[in-house]
Each structure stands twice: as structure tokens, then as C-alpha cells.
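**Student:** Input: one structure, supplied below.
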Amino acid sequence: MNNNDAKNNSFLYGERAIEQSKLICFDNPKPARPYEISIDLPEFTCKCPFSGYPDFAVLKILYQPNQKVLELKALKLYINSFRDKKISHEEVANQIIDELVEACDPTWMQLEADFNPRGNVHTVIRVSHGSKQTC
């Protein structure tokens, strides 16, 4: 295998991993205790459905697990799958929280998608699911 083959294989591996990604969860080690998990994803990208230009955002997930906890590598790959998808800010935030809720059935979850300003417009989308418990 020459260097070009190695570069192509490693490049394809990353794309293949993203394409084949699915959300994975594991058992909550303390399901009887209300607690919060905070996850920041500072490099989210998707594409504007109207212009095709890239949109960049910081995603902040805050949730109280029920029986399952999100596995972080699987979450990273899932989030990276939006990179080339043409989707609005509002639709992508709602789709992500719907799919996270479906995967782990949290007691409560909030997603904040803070998009970088473009054309002098700054957008923050907040969506939530369930009822927050006192920790």
C-alpha cells in the first residue's frame, strides 16, 4: 500500500464511520438519582437549505437521564452526519432532539443550537422535552 492508498483509506474510514453512525446508549449507573449531563458540541455544521452555504453552531445538550445514557463517540459521529445536509436551523434542532429522545428516553432534555451570525443575523434555537427534576 502506498501513501496515497493509506490517505484514501483513512479518509474513507472517517466518512464511512459517519455514514454508518447510529446513536448508542448504555445503562444509567444511578437511575434512581436525578442528575444532569451537559454536553457541548462546538463544531456543528450543516448547510443552509436556501443558499447551500455552511452554517456553524455550538450545540449544548443538557439532560437528565432515565434508564439510558448517550454514548459520546456515537453522539459525535451522529452530529457529524449533518455536515452536508441542507436543513434549516429550526428543523435541525428539532430533529436532533427528537432522535436523541427516541434513543435514550430521558426524563428531561434541552438542546440549545447557537448558530454563528451570518448576514448580521444571530440565531439561537432552544428546544426541550419532558419535565426537569430537582437535582
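The values are calculated or read from the model by the stated rules, or taken from the named source; none is laboratory data. Computed from a prediction, not measured in an experiment: that's the story for all the values here. We place every Cβ from the backbone using ideal geometry, glycine too, and count neighbours over all the protein chains shown.
**Student:** Consider TYR63 against the criteria (1) more than 21 Å from GLY130 (Cβ to Cβ); (2) hydroxyl-bearing (Ser, Thr, Tyr); (3) touching a helix residue (DSSP H, G or I) at 6+ places or on another chain (Cβ under 9 Å): it satisfies all of them except one. Which criterion is unmet?
**Tutor:** It fails just one condition, (1).
**Student:** If you don't mind, another one. With respect to the numbered conditions (1) within 12 Å of the chain's Cα centre (by Cα); (2) not in a loop (DSSP other than H, G, I, E, B), which one is the sole condition not fulfilled by LEU23?
**Tutor:** (2)
**Student:** Of the numbered conditions (1) surrounded by fewer than 18 Cβ atoms within 10 Å (Cβ to Cβ); (2) within 20 Å of GLU36 (Cβ to Cβ); (3) among the hydroxyl-bearing types (Ser, Thr, Tyr), THR123 fails exactly one; give the number of that condition.
**Tutor:** All conditions pass for THR123, except number (2).
**Student:** Something else about it: Considering each residue of the range 78-93, count those that are crowded, with 16+ Cβ neighbours inside 10 Å and assigned to a helix (DSSP H, G or I), and give that number.
**Tutor:** 6
**Student:** Return the total of residues in the range 42-68 being under 16 Å from the mean Cα position of the chain (by Cα) and either surrounded by fewer than 19 Cβ atoms within 10 Å (Cβ to Cβ) or on the phi > 0 side of the Ramachandran plot (or both).
**Tutor:** Final tally of qualifying residues: 8.
**Student:** Out of the residues in the range 106-133 that are charged (D, E, K, R) and within 15 Å of the chain's Cα centre (by Cα), which is farthest from LEU62 (Cα to Cα)? Before you say what the answer is, go through the steps one by one.
**Tutor:** First, the residues of the range 106-133 that are charged (D, E, K, R): 112, 114, 118, 126, 132.
Pick out the ones that are also within 15 Å of the chain's Cα centre (by Cα) and you get 112, 114, 126.
Details: GLU112: 9, ASP114: 14, ARG126: 11 Å.
Across the range 106-133, the extreme among qualifying residues is ASP114.
**Student:** Continuing with the same structure: Of all residues in the range 16-39, which are surrounded by 12 or more Cβ atoms within 10 Å (Cβ to Cβ) and either at pLDDT below 95 or of a type in the set (Asp, Glu) (or both)?
**Tutor:** ALA17, ILE18, SER21, GLU36
**Student:** Here's something else I'd like to know. Condition test on LEU75, is it assigned to a strand (DSSP E or B) and modelled with pLDDT of 95 or more? Give the derivation first.
**Tutor:** Numbers: assigned to a strand (DSSP E or B): no; modelled with pLDDT of 95 or more: yes.
No, not satisfied.
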